[in-house]
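Before any comments, here is the structure.
The values are calculated or read from the model by the stated rules, or taken from the named source; none is laboratory data. None of these values were measured; they are calculated from a predicted model. Counting neighbours? That spans all protein chains shown, and the Cβs are built from the backbone with ideal geometry, glycine included. Side chains included, ligands, DNA and RNA excluded: accessible areas come from the protein's heavy atoms. Shrake-Rupley method; radii C 1.70, N 1.55, O 1.52, S 1.80 Å.
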Amino acid sequence: MDDSIDPPRQSLLDVTQEKLQKQGKTVVLSRVLFVIQTSDKHNSSKTEIEAAHSAMLKAARGETDKETGLLIVFPNCIVHMLETTTKMIFTYLRQLLNAEGITSMKIISSTEDIPSRAFQKWYCSFVNSQTQEHYDGDEGESLVNVASDANIALIKLGKHVSALGQRDADSSMESLRTSYPDLPQIDPFMIVCHSEEAPSVREFLDIYDSPVDIDLESENVWPMPVPLTF
């Protein structure tokens with residue numbers, strides 16, 4: 001054989017699969033944290049909200065998908081940290097776009113190819129929190145810091161809950177503020193919700209879950225240039 005012939009080059013898929021194999025993973029996991037503001041205020045009964053989101057997650061779930069995370073029901077908003085495949089996240093978010101009673105949905109954080117899950121299962125908890133009559137949205141670096149701190153705080157919460165036994169973890173959801181005093185108040189989530197710079201769920205999906213539209217120069221020039229001859 002001719003030694004000058006280069007061996008076949010690895011594709012991006014080959015590199016990704018090799019990386020997953022070395023890490024002992026079978027799928028690439030993503031994590032998204034977002035806030036939902038609804039037209040109605042929420043009370044201590046979270047049954048209907050939990051059932052609605054659980055049904056949407058079930059509908060979005062693929063054969064090998066498994067979701068973990070935490071749905072926090074505050075009086076003025078709902079905060080959801082979800083860990084699963086990117087495809088399932090996008091499918092679930094698109095279902096939320098058609099849900100009734102939602103006035104605003106803003107992305108706080110999104111991370112692809114996370115090293116590990118923070119939560120071991122999917123939880124839902126109602127957290128009573130003092131609210132203000134009016135919230136102003138932060139912008140620029142201040143908004144980035146608020147969003148980053150909220151994301152880190154919930155990841156730490158997930159690791160704390162995962163370190164508990166299953167019975168204790170389930171019990172902690174009944175009084176999350178008591179079992180985890182470092183849980184953020186409602187304020188940072190409402191600040192993101194009222195910020196003009198925070199991307200909405202629709203804007204997020206338009207950027208990351210839409211076909212790439214390549215605008216060729218030849219399509220914008222008339223008459224069309226003469227094709228090059230090689």
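Residues of region 15-32 being in contact with a Leu (Cβ under 9 Å, 6 or more places away or on another chain) and modelled with pLDDT of 70 or more, which ones?
Looking only at region 15-32, we keep the residues that are in contact with a Leu (Cβ under 9 Å, 6 or more places away or on another chain), and these are 26-28, 30-32.
If the condition is that a residue be in contact with a Leu (Cβ under 9 Å, 6 or more places away or on another chain) and modelled with pLDDT of 70 or more, then Val27, Val28, Ser30, Arg31, Val32 are the ones that fit.
Within region 45-59, is there a residue that is of a type in the set (Lys, Arg), under 20 Å from Leu176 (Cβ atoms), open to solvent by less than 50 Å² (accessible area, probe 1.4 Å) and modelled with pLDDT under 95? Among the residues of region 45-59, at least one is of a type in the set (Lys, Arg), under 20 Å from Leu176 (Cβ atoms), open to solvent by less than 50 Å² (accessible area, probe 1.4 Å) and modelled with pLDDT under 95, which makes the answer yes. Of everything in region 87-130 that is within 26 Å of Ala169 (Cβ to Cβ) and of a type in the set (Lys, Arg), the residue that is farthest from the chain's Cα centre (by Cα) is Lys121. May I ask you to list the residues in region 1-14 that are modelled with pLDDT of 70 or more and either assigned to a helix (DSSP H, G or I) or surrounded by 10 or more Cβ atoms within 10 Å (Cβ to Cβ) (or both)? Within region 1-14, Gln10, Asp14 qualify.
Would you confirm whether any residue within region 30-42 is in contact (Cβ under 8 Å) with a residue 24 or more places away in the chain, of a type in the set (S, T, N, Q) and under 19 Å from Ser110 (Cβ atoms)? If you could, list the steps in order and put the result at the bottom.
Of the residues in region 30-42, the ones in contact (Cβ under 8 Å) with a residue 24 or more places away in the chain are 30-42.
Keeping just the survivors that are of a type in the set (S, T, N, Q) gives 30, 37-39.
Add one more test, that the residue is under 19 Å from Ser110 (Cβ atoms), and what stays is 30, 37.
Looking for residues that are in contact (Cβ under 8 Å) with a residue 24 or more places away in the chain, of a type in the set (S, T, N, Q) and under 19 Å from Ser110 (Cβ atoms), one finds at least one in region 30-42, hence yes.
For region 60-74, check the following and say yes or no: at least one residue is open to solvent by less than 50 Å² (accessible area, probe 1.4 Å), part of a helix (DSSP H, G or I) and over 19 Å from Asn128 (Cα atoms). Yes, there is a match, as at least one residue in region 60-74 is open to solvent by less than 50 Å² (accessible area, probe 1.4 Å), part of a helix (DSSP H, G or I) and over 19 Å from Asn128 (Cα atoms).
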